[in-house]
Amino acid sequence: MTQKEIYLNAIQGKKTPRPSIGNPVSIVCTELMDKTGFFFPEAHTDASKMAGLALAGHTVMGFDNVMPYFSVVYESAASGVEVDWGRKDNMPSTKNTIWKEPEDIDVSGKFLEHKYAKVVPDAIRIMKKELNGEAAINGKVFGPWTLAYHTVGMEEFLMGSFTDPDKTKKLLEKLKVLTLKFAEAQIAAGADCITLADHCTRDLCSPDAYRDYILPIHKEMAKTIKVPVILHICGYTLDRIQYINETGLACFHYDSKNDDAEMRKAASRICLAGGTNNTELLRKGSEAEIIADIEKKISVGVEVIGPECAVPLDTPLKNLCLYGKYFETIK
């Protein structure tokens with residue numbers, strides 16, 4: 001079974017010869033940039049450099065997947081939000097908002113013609129040729145709850161979710177179209193699966209808000225997106241895993257703020273990925289500590305072993321390579 005097959009089988013709960021290893025979000029650290037010669041911020045906006053950096057998740061780290069969308073801004077930037085593309089040691093960020101009312105949102109798909117909407121699909125096309133089926137190509141999109149932060153404004157949107165539920169639902173219905181269109185563009189370019197990242201963690205979205213606003217949309221995306229979908233939500237999510245189970249999505253990329261065994265037990269209808277603490281363990285931990293964490297994940301039945309989120313840029317590359325080395329030693 002190829003590494004691509006292992007990853008795609010694992011995120012769908014199918015039989016694999018070993019747990020998969022990978023990260024459905026960013027694997028980039030500054031040491032990886034130094035090793036490959038592809039650097040931020042250029043690797044955010046140049047498809048060939050983006051592809052070269054993303055491929056290193058497989059060729060350098062040994063992961064079963066590659067994922068080229070390193071930041072959080074492409075849908076928003078292509079829609080007209082001003083972006084600071086950051087530096088080698090600093091991720092991009094949005095600088096303004098562009099919409100206030102649901103009717104302001106352009107769902108025509110014109111944003112797909114913008115240079116910032118083209119870069120990720122173009123990078124996927126490059127990687128597809130380079131990989132020749134060796135590793136899974138993992139696309140990524142942001143869900144409408146997150147897109148609202150970037151295009152409408154976090155404070156205004158979150159306050160509206162309490163004061164004007166009807167408007168909030170209309171905003172989400174419009175914004176979900178951008179999510180779906182960007183997913184379709186990446187699938188057409190060759191993505192084997194899609195990460196749906198939606199920042200609806202406990203400090204920004206209550207379990208009831210997830211149930212009432214987001215769950216119906218995530219269910220729709222599970223049915224509409226034509227490849228397996230990995231849901232990513234940062235932070236503590238055991239308080240809403242019963243709803244995540246209902247989405248029909250293939251896999252859930254979870255945070256180390258959740259106990260592994262508790263999450264495995266509660267996530268009864270969805271596969272799991274991630275769970276390794278980035279801030280302390282991957283940045284500062286010893287080889288023995290990281291291997292112990294890998295073995296803990298295996299013991300509770302996590303299907304894809306890897307970081308909990310986009311890795312911090314100062315993560316030592318040697319720590320990120322331990323996943324591949326560990327599974328090489330137990331073949």
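The values are calculated or read from the model by the stated rules, or taken from the named source; none is laboratory data. It should be emphasised that the depicted structure is a prediction, and the values quoted were computed from it without experimental measurement. In this analysis, Cβ positions are derived from the backbone assuming ideal geometry, glycine residues included, and neighbour counts consider all displayed protein chains.
Only one of the listed residues (Leu175, Leu171, Leu180) is surrounded by fewer than 23 Cβ atoms within 10 Å (Cβ to Cβ), at pLDDT 95 or above and aliphatic (A, V, I, L, M). That residue is Leu180. Within region 217-230, residues that are within 18 Å of Met67 (Cα to Cα) sit with their Cβ atoms under 9 Å from residues that are surrounded by fewer than 16 Cβ atoms within 10 Å (Cβ to Cβ), at 6+ positions apart or across chains, in these pairs: Pro228/Gln12; Val229/Gly248.
When Ala273, Ala267, Ala288, Ala310 are checked against the criterion of being hydrophobic (A, V, I, L, M, F, W, C), more than 19 Å from the chain's Cα centre (by Cα) and at pLDDT 95 or above, Ala288 stands alone in meeting it.
For Thr247, state whether it is surrounded by 23 or more Cβ atoms within 10 Å (Cβ to Cβ) and either free of Cβ contacts under 8 Å to residues at least 12 places away in the same chain or over 30 Å from Lys35 (Cα atoms) (or both).
Working: surrounded by 23 or more Cβ atoms within 10 Å (Cβ to Cβ): yes; either free of Cβ contacts under 8 Å to residues at least 12 places away in the same chain or over 30 Å from Lys35 (Cα atoms) (or both): yes.
Criteria met by Thr247.
Residues in region 168-197 that are over 17 Å from the mean Cα position of the chain (by Cα) and β-branched (Val, Ile, Thr): 2 in all. Taken as a whole, the condition of being basic (Lys, Arg) and within 30 Å of Met127 (Cβ to Cβ) does not apply to Lys167. With respect to Asp208, is the statement that it is in a loop (DSSP other than H, G, I, E, B) and acidic (Asp, Glu) true? When the stated conditions are applied, Asp208 does not pass them. Counting the residues of region 303-320 that are part of a loop (DSSP other than H, G, I, E, B) and under 22 Å from Met91 (Cβ atoms) gives 10.
Taking every residue in region 91-110 that is hydrophobic (A, V, I, L, M, F, W, C) and pairing it with any residue that is assigned to a helix (DSSP H, G or I), at least 6 positions away or on another chain, the pairs with Cβ-Cβ distances below 6 Å are Ile98/Thr151; Trp99/Thr151; Trp99/Val152; Ile105/Lys174; Val107/Lys174; Val107/Val177.
State which residue is modelled with the lowest pLDDT when the search covers only region 129-165 and only residues that are of a type in the set (S, T, N, Q) and surrounded by fewer than 20 Cβ atoms within 10 Å (Cβ to Cβ). Filtering region 129-165 for residues that are of a type in the set (S, T, N, Q) and surrounded by fewer than 20 Cβ atoms within 10 Å (Cβ to Cβ), the one modelled with the lowest pLDDT comes out as Asn132.
Would you mind stating whether Leu249 is at pLDDT below 95 and of a type outside the set (Asp, Glu)?
Numbers: at pLDDT below 95: no; of a type outside the set (Asp, Glu): yes.
No: the conditions fail for Leu249.
Each residue in region 1-46 was checked for being assigned to a loop (DSSP other than H, G, I, E, B) and either closer than 20 Å to Lys297 by Cβ or at pLDDT below 95 (or both), and 15 pass.
Does region 280-295 contain at least one residue that is in contact (Cβ under 8 Å) with a residue 12 or more places away in the chain, outside any loop (DSSP other than H, G, I, E, B), closer than 15 Å to Ile21 by Cβ and acidic (Asp, Glu)? Show your work before the answer.
Quick first cut of region 280-295, residues in contact (Cβ under 8 Å) with a residue 12 or more places away in the chain only: 281-283, 285, 287, 290-291, 293-294.
If we keep only those that are outside any loop (DSSP other than H, G, I, E, B) as well, we get 281-283, 287, 290-291, 293-294.
Retained after the next criterion (residues that are closer than 15 Å to Ile21 by Cβ): 282, 290-291, 293-294.
Then drop every residue that is not acidic (Asp, Glu), which leaves 293.
Yes: one or more hits.
Looking at Gly52, Gly37 in this structure, which one is under 17 Å from Glu134 (Cβ atoms) and either in contact (Cβ under 8 Å) with a residue 60 or more places away in the chain or not hydrophobic (A, V, I, L, M, F, W, C) (or both)? It is Gly52.
When region 47-91 is filtered for residues that are surrounded by fewer than 21 Cβ atoms within 10 Å (Cβ to Cβ), outside any helix (DSSP H, G or I) and not polar (S, T, N, Q), the ones remaining, listed by number, are Val60, Gly62, Gly80, Val81, Glu82, Asp84, Trp85, Gly86, Arg87, Lys88, Asp89, Met91. For region 200-228, which residues satisfy the criterion of being under 16 Å from Val72 (Cα atoms) and surrounded by fewer than 20 Cβ atoms within 10 Å (Cβ to Cβ)? Of everything in region 200-228, just one residue is under 16 Å from Val72 (Cα atoms) and surrounded by fewer than 20 Cβ atoms within 10 Å (Cβ to Cβ), namely Thr201.
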